[in-house]
Amino acid sequence: MKIVIDVSNEEKAKHLINMLKDIPYVKNIKIESEKKKRKPDFEAVFGIWKDRDITLKGIREKAWRKEYFCY
């Protein structure tokens, strides 16, 4: 089970972490700072359609097929 706690005060967060460390059944504490969040890596998806025969016309044709509509 995982519990996510968002704390607005850094000093109080440190106090909470120290309290949690003293509890014997708490297995792991992962600290994630909002300041250190990574930006999405857009280059990671470059080339995902490489060597695929996909055209705008083909996408449009498939989009208008009856089996693609949700009713």
Practice item. Looking only at segment 2-18, count how many residues are hydrophobic (A, V, I, L, M, F, W, C) and loosely packed, with under 10 Cβ neighbours inside 10 Å. Key: 3
Review point. Do any residues in segment 9-23 that are under 13 Å from residue 33 (Cα atoms) have Cβ atoms under 8 Å from those of residues that are of a type in the set (A, V, I, L, M), where the two are at least six apart or on different chains, and which pairs are they?
Key: 13/7
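All of the numbers you see were taken from the coordinates with simple rules; none came from a lab. These numbers come from a predicted model, not from an experiment. When we count neighbours, we look across all protein chains shown, and the Cβ atoms used for this are built from the backbone with ideal geometry, even at glycine.
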